[in-house]
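The values are calculated or read from the model by the stated rules, or taken from the named source; none is laboratory data. Predicted model only: the values in this text are computed from it and were never measured. For neighbour counting, all protein chains shown are included, and Cβ atoms are generated from backbone atoms with ideal geometry for every residue, glycine included. Areas reflect the complete protein model, heavy atoms only, side chains present, ligands, DNA and RNA absent. Shrake-Rupley method; radii C 1.70, N 1.55, O 1.52, S 1.80 Å.
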Amino acid sequence: MATSLTKLPAWQDLERHRRAVSGTHLRQLFDQDPERFGRFSLRLDGMLLDFSKQLVTKETMRLLVALARECRLEGSIRSLLAGERVNFTENRAALHFALRAERPVLLDGRDVTRDVAAVLAKLRAFSEGVRSGEIKGASGQHFTDIVNIGIGGSDLGPALACEALAPYAIPTLNIHFASNADGHAIAAVLGRLDPGRTLFIVASKTFTTQETLANASTARDWVAAKLGIGAAAAHFCAVTAAPERAAEFGIAAQRVFEIWDWVGGRYSLWSAIGLPVALAVGMDHFDALRAGARAMDEHFATAPLERNMPVAMGLLTVWYADFHGTASTAVLPYDERLRLLPAYLQQLEMESCGKRTTRDGGVTDYATAPVRWGTTGTNGQHAYFQLLHQGTHVVPADFIACCEPHHRLPAHHDILLAHFFAQTEALMRGRTEKEAEGEMRADGLDPEEIRRLLPHRTFPGSRPSTSILLRKLDPGTLGALIALYEHKVFVESVIWNVNAFDQWGVELGKRLADRVLAELADADPVSGHDSSTNGLINHLKAVR
Ligand code: F6P
């Protein structure tokens with residue numbers, strides 16, 4: 001079906017519609033429809049999603065939903081939730097929602113939620129033991145520091161959640177993350193820790209990931225050097241779908257927390273990969289995180305496509321990527337605690353839908369995942385917002401903030417939110433020549449200066465954004481927010497007809513790195529690559 005996506009009637013209607021509305025400014029859309037905010041905003045529990053500042057009309061949304069129906073989105077959602085092997089290139093289901101489900105989820109006739117419950121019970125006992133000091137290191141000291149060693153999905157989700165939920169964390173446990181193969185990263189972490197009080201989590205679904213195994217070996221050697229070889233086992237636990245490899249590494253079976261092949265790395269936060277979160281904020285809050293995601297699952301599964309948050313967001317991505325040629329989208333959390341959300345979404349969105357091969361093995365003749373980037377507001381305002389307002393690229397942006405902060409400092413939150421609201425309004429409205437001229441006149445500029453500066457001080461406006469307001473950043477709203485993006489990505493993958501759950505694109509570089517690593521072992525010059533790669537490797541060999 002993929003190669004014929006652009007031939008679908010709804011696609012062609014959307015192309016015609018895009019041409020018809022192409023000159024329409026967002027200001028006009030607001031002027032024409034006083035109900036626009038109500039029409040294009042959705043609410044779920046503590047979350048408000050406002051997409052009224054997107055370049056859409058009622059007709060746009062009707063056509064996008066028609067496209068979703070022509071791509072059989074409703075059936076695909078049912079297949080996902082029914083445990084079908086939607087990850088067909090790896091012959092696996094994608095049951096991340098089962099990690100937070102309250103109802104049975106069957107895979108080949110077996111209710112996987114029972115396995116999940118058993119691992120969660122083990123996780124509860126272990127995390128409570130560590131938090132209470134009952135579970136100790138080899139020399140009898142309780143743990144004060146946890147180091148999660150993992151990368152990609154075995155790092156980004158727990159790192160995001162630990163930072164976002166810091167107000168719920170116990171102060172007696174510090175959580176650290178070491179992911180990069182670069183030894184500076186693990187060296188910096190180890191350099192500030194006491195081995196007798198440090199617990200390592202080796203988090204790797206496959207337990208074959210080179211970066212993780214290198215960091216884990218370094219950590220094990222560090223513990224052994226300081227506390228003796230026999231001490232290491234008391235300072236390690238693992239989360240993996242390959243318990244036999246964890247055992248070979250020397251981790252005791254009762255310290256291995258299982259995940260399953262039906263949990264994709266970038267969808268694994270809700271599984272035992274969330275152990276750092278359970279240790280930091282406690283199992284009850286980890287359960288609340290999962291409950292927030294479950295509420296979003298329910299909404300995704302039951303709300304009509306027309307009132308469905310992940311569907312709206314996914315269809316908007318398609319609208320811009322395929323009908324406006326948009327190559328990148330920004331995520332701008334106006335909340336320091338969501339500092340890691342852009343990195344998390346980069347993996348979720350670009351590893352899931354950064355593909356050109358369709359489900360039937362063809363090649364798309366349309367664009368798929370745009371590049372995702374962003375940092376926190378207001379910092380970004382003093383860096384790249386210039387481009388968002390006046391640059392030549394239109395970058396649809398997601399603005400995210402919380403109504404209530406956790407701190408009690410006066411003034412800050414109103415300043416922060418004032419910037420959030422002002423930026424979305426400024427992007428939408430822009431500034432006409434008449435407005436710019438009026439302002440400059442009011443500022444006392446003379447007519448010659450006004451004439452000279454006018455082009456520089458006008459803003460085109462009509463730059464689209466979505467606003468997400470959370471009542472408060474708590475475990476439930478964070479869970480719902482992350483699940484919103486997970487399902488948005490699924491919607492996009494259905495329209496684009498790509499498999500959201502594999503990641504073959506990361507393999508080639510890994511293979512080549514193995515070959516190069518062997519070549520770096522000696523000083524002999526290499527000649528088997530292209531001249532650039534040969535030149536770079538030989539330069540290194542010559543200078544070191
Ligand atoms: O290389 C990409 C990837 O496979 C991601 O999809 C995954 O999250 C990451 O590596 C880590 O994998 P693992 O948990 O098996 O170490």
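Applying the criterion of at least 2 residues that are in contact with a Cys (Cβ under 9 Å, 6 or more places away or on another chain) to the helices (runs of 4 or more DSSP H) found wholly in segment 363-444 leaves 412-429.
Close contacts from segment 201-214, counting a first residue that is open to solvent by 50 Å² or more (accessible area, probe 1.4 Å) and a second that is within 6 Å of the ligand (Cβ to nearest atom) and not hydroxyl-bearing (S, T, Y), with Cβ to Cβ under 8 Å and a gap of 6+ residues or different chains, come to E211/I151. Look at (1) farther than 28 Å from S79 by Cα; (2) not assigned by TED's automatic domain parsing to the domain that holds A169 and you find that A295 fails only one, number (1).
Return the residues of segment 228-246 that are open to solvent by 60 Å² or more (accessible area, probe 1.4 Å) and away from the ligand (no atom under 11 Å from the Cβ); say none if nothing qualifies. Listed by number, the residues that qualify are I229, G230, E244.
Filtering segment 31-47 down to residues that are crowded, with 16+ Cβ neighbours inside 10 Å and modelled with pLDDT of 95 or more, which residue is farthest from S462 (Cα to Cα)? Break it down into steps so the answer makes sense when it comes.
Within segment 31-47, the subset crowded, with 16+ Cβ neighbours inside 10 Å is 36, 40-42, 44, 46-47.
Those still in the list that are modelled with pLDDT of 95 or more too: 36, 40-42, 44, 47.
Numbers: R36: 15, F40: 16, S41: 18, L42: 21, L44: 27, M47: 25 Å.
Once the filter is applied, the top-ranked residue is L44.
When the residues of segment 297-328 are filtered to those that are part of a helix (DSSP H, G or I) and either touching a Phe, Trp or Tyr at 6+ places or on another chain (Cβ under 7 Å) or without any contact (Cβ under 8 Å) to a residue 60 or more places away in the chain (or both), which remaining residue is most open to solvent (accessible area, probe 1.4 Å)? Quick ask: steps written out before the conclusion?
Restricting attention to segment 297-328, the residues satisfying the condition of being part of a helix (DSSP H, G or I) are 297-302, 305-307, 309-323.
If we keep only those that are either touching a Phe, Trp or Tyr at 6+ places or on another chain (Cβ under 7 Å) or without any contact (Cβ under 8 Å) to a residue 60 or more places away in the chain (or both) too, we end up with 297-298, 302, 310, 312, 316, 321-322.
Details: D297: 19, E298: 75, T302: 100, P310: 0, A312: 7, L316: 9, A321: 8, D322: 29 Å².
If we take residues in segment 297-328 being part of a helix (DSSP H, G or I) and either touching a Phe, Trp or Tyr at 6+ places or on another chain (Cβ under 7 Å) or without any contact (Cβ under 8 Å) to a residue 60 or more places away in the chain (or both), then T302 is most open to solvent (accessible area, probe 1.4 Å).
All conditions but one from (1) open to solvent by 60 Å² or more (accessible area, probe 1.4 Å); (2) closer than 21 Å to Q381 by Cβ apply to H406; the one that does not is (2).
Provide a single number: the residues in segment 133-149 that are within 16 Å of the ligand (Cβ to nearest atom) and open to solvent by 10 Å² or more (accessible area, probe 1.4 Å). Don't jump to the end; show me each part of the working.
Narrowing segment 133-149 to residues within 16 Å of the ligand (Cβ to nearest atom): 147-149.
Of the ones still in play, those that are also open to solvent by 10 Å² or more (accessible area, probe 1.4 Å) are none.
Selection size over segment 133-149: 0.
When T60 is tested against (1) more than 23 Å from P304 (Cβ to Cβ); (2) β-branched (V, I, T); (3) crowded, with 18+ Cβ neighbours inside 10 Å, just one condition goes unmet, and that condition is (1). Based on what the data block shows, is S127 open to solvent by 60 Å² or more (accessible area, probe 1.4 Å) and out of contact with any strand residue (DSSP E or B) (no Cβ under 7 Å at 6 or more places or on another chain)? Spelling it out, it is not the case that S127 is open to solvent by 60 Å² or more (accessible area, probe 1.4 Å) and out of contact with any strand residue (DSSP E or B) (no Cβ under 7 Å at 6 or more places or on another chain). When the residues of segment 499-512 are filtered to those that are surrounded by 12 or more Cβ atoms within 10 Å (Cβ to Cβ) and not aromatic (F, W, Y), the one that is nearest to the ligand (Cβ to nearest atom) is Q503.
If we scan segment 493-516, do we find a residue that is of a type in the set (S, T, Y) and assigned to a helix (DSSP H, G or I)? Reasoning before the result, please.
To start, the set of residues in segment 493-516 that are of a type in the set (S, T, Y) comprises 493.
Among the residues that remain, those that are also assigned to a helix (DSSP H, G or I) are: 493.
Yes, segment 493-516 contains at least one residue that is of a type in the set (S, T, Y) and assigned to a helix (DSSP H, G or I).
Here R255 meets each of (1) charged (D, E, K, R); (2) open to solvent by 40 Å² or more (accessible area, probe 1.4 Å); (3) away from the ligand (no atom under 13 Å from the Cβ) with one exception, condition (2).
Could you grab me the full set of residues in segment 150-181 that are more than 16 Å from the ligand (Cβ to nearest atom) and outside any helix (DSSP H, G or I)? Spell out how you get there, then give the answer.
Step one: list which residues in segment 150-181 are more than 16 Å from the ligand (Cβ to nearest atom), which gives 162-176.
Within segment 150-181, L165, A169, I170, P171, T172, L173, N174, I175, H176 meet the criteria.
For beta carbons closer than 9 Å, sequence separation of 6+ or different chains, a first residue in segment 217-230 that is among the basic types (K, R) and a second that is surrounded by fewer than 16 Cβ atoms within 10 Å (Cβ to Cβ), the qualifying pairs are R220/G250; K226/D194.
With respect to V331, determine if the residue is of a type in the set (V, I, T) and outside any helix (DSSP H, G or I).
In short, yes.
Being crowded, with 16+ Cβ neighbours inside 10 Å and in a strand (DSSP E or B) is a property that V189 lacks.
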